[in-house]
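Below is one structure, written out as structure tokens, with a few remarks after it.
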Amino acid sequence: MNPTEYGKALYLLAKEEDIADIILQQANDITALLNENPKYVTLLDTPSVTNAEKNALLDKAFSDLHQHLLNFMKILTSKRAMYLFSRAISAYKDAYEEDNNILNAYAVTVVPLSKQQLDALCAKLCKITGKNVLLQNRVDTTLVGGIRLQFDGKQLDATIQTQLASLKKSLKQSTL
């Protein structure tokens with residue numbers, strides 16, 4: 001079973017029915033719940049529990065979910081693959097973000113950035129990438145200063161440590 005394909009299929013169905021936002025929010029909530037309760041996932045993947053019992057558990061626990069997402073969970077459960085739920089939802093999220101031109105980015109700093117700084121940085125990244133940037137600030141107290149931007153598998157490092165390392169390398173290579 002390929003969780004990526006399952007996640008993409010769920011996304012295509014949700015997109016076709018114009019419920020992609022709803023499914024994404026609910027799936028994120030379910031992922032958090034399952035991460036907090038791994039024994040529930042183990043129960044849903046246990047072969048000694050019948051599919052009817054598992055479906056009843058899902059119906060009872062997740063009665064407020066959109067039917068497509070609940071059915072998706074039942075499919076995974078019937079294949080004893082509920083442990084792959086978060087990976088499938090990650091693929092769903094990737095497809096959603098690609099379709100909606102969304103880019104997740106992280107600004108790593110030694111102290112939290114102000115809202116104004118985040119907004120200005122976000123605007124600049126939107127202009128550079130041409131995407132709708134969702135910027136999050138992560139604090140790393142091991143940094144001396146500066147900023148490290150991480151997005152789209154890239155890293156732009158303007159931290160003091162990197163600048164000092166570059167200067168050190170430059171000095172070693174220069175002849176006096």
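Bear in mind these aren't lab numbers, they're just calculated from the coordinates by the rules spelled out. Since the structure is predicted, the reported quantities are computational estimates derived from the model, not experimental observations. Cβ sites come from the backbone with ideal geometry, for glycine too, and all protein chains shown count toward neighbours.
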Per DSSP, loop trypsin sites (Lys or Arg not before Pro) in the range 38-117 with at most 13 further Cβ within 10 Å: 79
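Over 30 Å between C-alpha atoms is what I'm after, so list which of 60/115; 74/115; 39/93 land there. Don't skip to the answer; put the middle values down first.
On the way: 60/115 41 Å; 74/115 42 Å; 39/93 25 Å.
Check vs 30 Å cut-off fails for 60/115; 74/115.
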Residues with amide H under 5 Å from that of residue 159, placed H, sequence gap 5 or more: 147
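Residues with beta-carbon under 13 Å from that of residue 54, excluding residue 54: net charge, scoring Lys, Arg +1 and Asp, Glu -1?
Numbers: positive: 60, 74, 79, 80; negative: 45, 53, 59.
Charge balance near residue 54 sits at +1.
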Angle between the chain longest axis and helix 85-99 axis [Cα atoms, degrees, rounded to 10]: 60
³J(HN,Hα), Karplus 6.51/-1.76/1.60, whole Hz, each residue of the range 110-116, x for Gly, Pro: 6, 10, x, 7, 6, 4, 4
Highest-MSF residue in the chain out of 147, 102, 160 [GNM, Cα springs under 10 Å]: 160
DSSP beta bridge pairing in the chain, given as percent antiparallel to the nearest 5: 60
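Would you tally the net charge around residue 123, using a Cβ to Cβ cut-off of less than 15 Å, leaving residue 123 out, and scoring K and R as +1, D and E as -1? Write out the running numbers ahead of the final one.
Details: positive: 115, 124, 127, 131; negative: 119.
With Lys, Arg at +1 and Asp, Glu at -1, the neighbours total +3.
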Amide N of the range 152-172 lying under 12 Å from the label point, which is placed 7 angstrom from the Cα of residue 140 along Cα→Cβ: 155-163
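Take every DSSP beta bridge whose two residues both sit in the range 101-173, then give the antiparallel share in percent to the nearest 5. If you can, show how the numbers build up before the last one.
On the way: 11 of 19 bridges.
In the range 101-173, approximately 60 percent of DSSP beta bridges are antiparallel ones.
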Cα centroid separation - the range 37-77 against the range 112-140, whole Å: 38
Sum of side-chain charges, residue 135 neighbourhood, beta-carbon under 12 Å (Lys, Arg +1; Asp, Glu -1): +3
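Send over the per residue convex hull volume for the range 3-98, Cα only, as a whole number of Å³. Don't skip to the answer; put the middle values down first.
Details: hull volume 7.8 nm³, N = 96.
Given the Cα convex hull of the range 3-98, per-residue volume reads 81 Å³.
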